[in-house]
Amino acid sequence: MFSFDAGTNGSVTVRGGVPGYAVADAVRWVEGVATDPVTIATGLTNSTLTLAWPPDHIGWRLQVQTNSPGTNWSDVAGAGATNFFNTSLNHNPKAVFYRLVYP
C-alpha cells in the first residue's frame with residue numbers, strides 16, 4: 001500500500017515481463033481513509049445485529065472470528081466498501097468476535 005499526500009500527483013505503472021503485455025490484479029484509490037482506531041457502534045433490532053463505524057473508516061476490513069480469540073480471523077465480504085454491517089443472530093456458534101483492520 002502506498003500513500004499520496006493531498007495536493008500532490010501520484011501514479012501507478014504496471015509493467016509486464018513480456019513485451020507488449022502487462023497484468024494488474026487490482027488498483028484501488030481510497031481518499032481520506034482515517035488510520036486512527038475507532039469504536040464500533042452496535043445495535044440490536046429483533047434478531048438483527050448492526051455494527052457501524054465512521055464514514056472516514058470506509059476501506060477498513062471488517063473481520064470476524066467464531067468461538068474463541070485466536071488467529072483464525074476472516075474478512076467479511078463487501079464490508080470494506082461501507083461503514084456498517086448487519087447480521088442475523090443465532091445461537092450457534094456461541095461466541096462471535098468482530099474487529100476493524102486498517103488495510
- Message: What does the extension gain come out to for THR82 and LEU44, with contour length at 0.36 nm per residue minus their alpha carbon separation?
- Response: 11.8 nm
- Query: How large is ³J(HN,Hα), in whole Hz, for each residue of region 10-23 in order, when computed from phi with the Karplus curve 6.51 cos²θ - 1.76 cosθ + 1.60 and θ = phi - 60°, using x for Gly and Pro?
  - Reply: x, 8, 10, 10, 10, 10, x, x, 10, x, x, 10, 8, 10
- Item | Three-way shape call for region 41-101 based on the alpha-carbon gyration tensor, with the a/c threshold at 1.5 | oblate
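Read the figures in this text as sums done on the coordinates, not as results from a lab. These numbers come from a predicted model, not from an experiment.
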